[in-house]
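For reference, the structure discussed in these notes is given below.
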Amino acid sequence: MIKIKGLTAEDLNGFMDVGTEFHGELRFRNTFRIDGKLKGRIVSENTLIVGESGEVDAEIECGVVSIRGTVSGRIQGRERIELLAGSKVQATLVSPRLVIEEGAFFQGDCEMTPTAAAGAGRGTLMAVPGGGRS
């Protein structure tokens, strides 16, 4: 059984493996993982995972965006964006919460937006030394 940081294979709605290339707009429910190459647009209310070998050049609008691979473009995480150790991100980030693990590379702009629950609340930036893995 596949286990991805608390997720099982049953939690995945879709998976794009190494060697797969996609150009266009991707929409999905639940959780989708990309280990291949994607160029275009990604839209979902739920979780996008970009694996170690994933290469994405896109406008991304998802609930949670968790990145361990390479991403460029614009990323909007309605709940949070996670730049995990080993990730390479050159993008504009827009989210109420941003987690950057030690060993992640980020170049670009970041806009912290208030969460819906907090109303006029503040965004949260969290740098995690040592990766903060559980």
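The values are calculated or read from the model by the stated rules, or taken from the named source; none is laboratory data. Computed from a predicted model, the values in this text were never measured in an experiment. Using ideal geometry, Cβ is built from the backbone for each residue, glycine included, and neighbour counts are taken over all protein chains shown.
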Here is a list: Glu52, Glu79, Glu45. Which entry is in a strand (DSSP E or B), among the acidic types (Asp, Glu) and more than 10 Å from the chain's Cα centre (by Cα)?
Glu79
Within segment 95-128, residues being of a type outside the set (Lys, Arg), surrounded by fewer than 16 Cβ atoms within 10 Å (Cβ to Cβ) and modelled with pLDDT under 65 number 10
Selection from segment 7-39 of residues that are surrounded by 15 or more Cβ atoms within 10 Å (Cβ to Cβ) and in a strand (DSSP E or B)
Leu7, Leu12, Phe15, Met16, Phe22, Leu26, Thr31, Phe32, Arg33, Ile34, Lys37, Leu38
